[in-house]
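This report concerns only the one structure given below.
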Amino acid sequence: MTPACYLQTTDLCRHYERGHRVVKALDNVTISIARGEFVGIVGSSGSGKTTLLNLLAGLDTPTSGVVDLDGVPLSSMSRRQLAAYRAAKVGMVFQSFNLIAHYTALQNVETAFYFTGTQPVERRRLAAEMLERLGLADRATHRPSDLSGGEQQRVAVARAIVKKPELLFADEPTGNLDLENAGQIASLLTMLHGEGLTIIMVTHNLELAGQRTQRIIRMQYGRLDRGDHSDARADARPDAREGAIP
Ligand SMILES: Nc1ncnc2c1ncn2[C@@H]1O[C@H](COP(=O)(O)OP(=O)(O)O)[C@@H](O)[C@H]1O
Ligand SMILES: [Mg+2]
């Protein structure tokens, strides 16, 4: 393993049994992501993108294969260590924002500190600071239904990064947004990447991925799509290739 490799999968599989059929949601996927990279994952619906993100985030367990974080297999971690990995290092953003409807923007961001032992006063201060940073100070007391889609997603990003994670997983973060708001969220992610955050973003929007990310991983039917590849490991494995923008 090279020192630059931060997050790595080796022959990662996630299969589901459906009666007599096996759905290969993810099939022999080998990728490596360097610390500080901004990677896009593209592919048609059902190609395994969300499955891959969930495995990388330690939210799901592979059928076979390995996810290594800094050289440590997630499978070697206890449930407690895995929970600590997610709590301390991982932020997640979803297409549908996933905000709590009866909480204010501020309270939604504060939920990131649940189970961390952070004092209520401190978590309120940090959440308010983050909302201010993302230009939402005057929306802090609004509930999601009183916010635009773009604002809701910015609240969700605030919640994802308020604990200063190392990794941000974004699953179609602009999928429910109009062009202008999608651009704003993309700019926000670009800024966070500039500050050192490692970002892995699933998107349908090829233009967005092409403009904003440093590298694109293409998926098809649970596998890496064949094409040009920049990853020497992938080159060595004809059945597990990683697409890349030339
Ligand atoms: N819990 C599950 N049970 C059975 N099949 C699933 C399950 N979750 C996902 N799949 C299947 O795995 C494939 C990949 O799904 P997913 O990762 O959600 O794709 P994408 O995010 O690229 O749209 C799809 O065919 C989907 O139907
Ligand atoms: Mg998906």
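The values are calculated or read from the model by the stated rules, or taken from the named source; none is laboratory data. The structure displayed is predicted, hence computed values, not measured ones. Backbone-built Cβ (ideal geometry, glycine too); neighbour counts: all protein chains shown. Areas reflect the complete protein model, heavy atoms only, side chains present, ligands, DNA and RNA absent. Shrake-Rupley method; radii C 1.70, N 1.55, O 1.52, S 1.80 Å.
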| remark: For segment 190-207 the number of residues that are in contact (Cβ under 8 Å) with a residue 12 or more places away in the chain and over 20 Å from Leu52 (Cα atoms) is 4
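Does Tyr6 satisfy the criteria of being part of a loop (DSSP other than H, G, I, E, B) and more than 16 Å from ligand 1 (Cβ to nearest atom)? Don't jump to the end; show me each part of the working.
Details: part of a loop (DSSP other than H, G, I, E, B): no; more than 16 Å from ligand 1 (Cβ to nearest atom): yes.
Considered against the rule, which asks whether it is part of a loop (DSSP other than H, G, I, E, B) and more than 16 Å from ligand 1 (Cβ to nearest atom), Tyr6 comes out as no.
So in segment 28-41, with the set limited to residues that are surrounded by fewer than 20 Cβ atoms within 10 Å (Cβ to Cβ) and at negative phi, which one is nearest to ligand 1 (Cβ to nearest atom)? Write out each step before concluding.
Filtering segment 28-41 for residues surrounded by fewer than 20 Cβ atoms within 10 Å (Cβ to Cβ) gives 28, 34-37.
From what's left, at negative phi: 34-35, 37.
Values: Ala34: 23, Arg35: 25, Glu37: 20 Å.
Filtering segment 28-41 for residues that are surrounded by fewer than 20 Cβ atoms within 10 Å (Cβ to Cβ) and at negative phi, the one nearest to ligand 1 (Cβ to nearest atom) comes out as Glu37.
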| field | Output for segment 174-207, where each listed residue is over 14 Å from Leu134 (Cα atoms), of a type in the set (A, V, I, L, M) and part of a helix (DSSP H, G or I) | value | Leu179, Ala182, Leu206
| task | Please specify each residue of segment 188-211 satisfying the condition of being open to solvent by less than 10 Å² (accessible area, probe 1.4 Å) and hydroxyl-bearing (Ser, Thr, Tyr). | result | Thr198, Thr203
| message | Please verify whether Ser44 is at pLDDT below 95 and within 16 Å of ligand 1 (Cβ to nearest atom), treating the condition exactly as stated. | response | yes
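Taking the stated definitions as given, is Ala84 among the hydrophobic types (A, V, I, L, M, F, W, C) and more than 16 Å from ligand 2 (Cβ to nearest atom)?
On the way: among the hydrophobic types (A, V, I, L, M, F, W, C): yes; more than 16 Å from ligand 2 (Cβ to nearest atom): yes.
So Ala84 passes the test.
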| query | Is it true that Gly183 is out of contact with any strand residue (DSSP E or B) (no Cβ under 9 Å at 6 or more places or on another chain) and either within 24 Å of Thr118 (Cα to Cα) or not aliphatic (A, V, I, L, M) (or both)? | reply | yes
| Filtered residues of segment 47-93 (kept if within 16 Å of ligand 1 (Cβ to nearest atom), surrounded by fewer than 18 Cβ atoms within 10 Å (Cβ to Cβ) and not hydroxyl-bearing (Ser, Thr, Tyr)) | Leu59, Asp60
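Which of the residues that make up segment 167-183 are touching a helix residue (DSSP H, G or I) at 6+ places or on another chain (Cβ under 8 Å) and surrounded by fewer than 16 Cβ atoms within 10 Å (Cβ to Cβ)? Please lay out each step first, then the result.
Here is the first cut: in segment 167-183, the ones touching a helix residue (DSSP H, G or I) at 6+ places or on another chain (Cβ under 8 Å) are 167-171, 173-174, 176-178, 180-182.
Once the filter is applied, which keeps residues that are touching a helix residue (DSSP H, G or I) at 6+ places or on another chain (Cβ under 8 Å) and surrounded by fewer than 16 Cβ atoms within 10 Å (Cβ to Cβ), segment 167-183 yields Asp178, Glu180.
Can you confirm whether His15 is within 16 Å of ligand 1 (Cβ to nearest atom) and free of Cβ contacts under 8 Å to residues at least 60 places away in the same chain? Please lay out each step first, then the result.
Working: within 16 Å of ligand 1 (Cβ to nearest atom): yes; free of Cβ contacts under 8 Å to residues at least 60 places away in the same chain: yes.
So His15 passes the test.
Within segment 48-64, which residues are within 16 Å of ligand 2 (Cβ to nearest atom), in contact (Cβ under 8 Å) with a residue 40 or more places away in the chain and in a loop (DSSP other than H, G, I, E, B)? It would help to see each step written out before you state the result.
Going residue by residue through segment 48-64, those that are within 16 Å of ligand 2 (Cβ to nearest atom) are 48-57, 59-60.
When the remaining residues are screened for being in contact (Cβ under 8 Å) with a residue 40 or more places away in the chain, the result is 48-53, 55-57, 60.
Hits for segment 48-64 are Gly48, Ala57, Asp60.
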